[in-house]
Amino acid sequence: QPAAETVPAFDDVDSGAWFAEAVAWAAEQGIVSGVSGAAFAPDDPVTREQLAAILYRYAVYMGYDVSIGEDTNILSYADFGQISEYAIPAMQWACGAGIINGTSESTLTPQGEAARAQVAAMLQRFLETAAQ
C-alpha cells in the first residue's frame with residue numbers, strides 16, 4: 001500500500017505475482033528501477049549496494065534527512081572502486097547513518113550478495129535511525 005497506478009513495467013514480473021503490486025508501486029516512485037529497462041530479476045539475490053540504494057531512495061521518498069552521507073568518507077575502503085556509480089550516494093548515506101557496516105575494517109563488499117542476516121540488520125538500523 002498504497003496501490004500502484006500502473007501495472008509492473010518489467011517483463012519478468014508476472015502481473016499475478018504476490019509481489020507485483022509492490023514492485024509496480026516502488027518503480028512508480030523511483031525506489032526501484034530493476035536491473036535493466038525491462039527486467040526486475042525478482043528471483044536474483046540483492047547486492048549490498050542495491051539494498052542501500054533501495055533504502056536511500058525510500059528515505060528520500062519519505063522526506064527523511066539523507067544529508068549525513070554528503071560528508072561520509074567511504075574512499076578509505078579498499079573496494080570503494082567496486083561501488084556502482086548509481087549507488088555511491090546511497091552507500092555514503094548508509095555508511096554515515098550506520099545502516100551498513102563494512103564486511104571487514106577495510107571492505108564494504110558492495111557487489112556481494114546481501115545475506116538474510118545483513119538485510120535484517122540493515123532494515124532494523126534503517127527503522128531505528130533514518131525513520132526517526
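Summary of values
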{"read-out": "Members of region 91-110 that are in a helix (DSSP H, G or I) and within 8 Å of residue 52 (Cβ to Cβ)", "value": "91, 93, 94"}
{"read-out": "Criterion: within 21 Å of residue 104 (Cβ to Cβ), part of a loop (DSSP other than H, G, I, E, B), open to solvent by less than 60 Å² (accessible area, probe 1.4 Å) and of a type in the set (A, V, I, L, M) - qualifying residue of 74, 88", "value": "74"}
{"read-out": "Number of positions in region 1-35 that are outside any loop (DSSP other than H, G, I, E, B), farther than 16 Å from residue 50 by Cβ and open to solvent by less than 40 Å² (accessible area, probe 1.4 Å)", "value": "3"}
{"read-out": "Residues within region 36-60 that are farther than 16 Å from residue 114 by Cβ, surrounded by fewer than 17 Cβ atoms within 10 Å (Cβ to Cβ) and in contact (Cβ under 8 Å) with a residue 12 or more places away in the chain, tallied", "value": "2"}
{"read-out": "Residue, nearest to residue 64 (Cα to Cα), within region 76-132, restricted to residues that are among the β-branched types (Val, Ile, Thr) and more than 15 Å from the chain's Cα centre (by Cα)", "value": "129"}
{"read-out": "Residue count, region 114-132 (criterion: surrounded by 13 or more Cβ atoms within 10 Å (Cβ to Cβ), outside any loop (DSSP other than H, G, I, E, B) and of a type outside the set (Val, Ile, Thr))", "value": "7"}
{"read-out": "Test: residue 83 is in contact with a Pro (Cβ under 6 Å, 6 or more places away or on another chain), of a type outside the set (Asp, Glu) and at pLDDT 95 or above", "value": "yes"}
{"read-out": "Qualifying residue in region 80-91 (condition: in contact (Cβ under 8 Å) with a residue 40 or more places away in the chain and either over 23 Å from residue 121 (Cβ atoms) or of a type outside the set (Asp, Glu) (or both))", "value": "yes"}
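The values are calculated or read from the model by the stated rules, or taken from the named source; none is laboratory data. As the structure is a prediction and not an experimental result, all values here were calculated from the model. Here the Cβ is made from the backbone with ideal geometry for all residues, glycine too, and neighbour counts use every protein chain on show. For accessibility, only protein heavy atoms count, side chains too; no ligands or nucleic acids. Shrake-Rupley method; radii C 1.70, N 1.55, O 1.52, S 1.80 Å.
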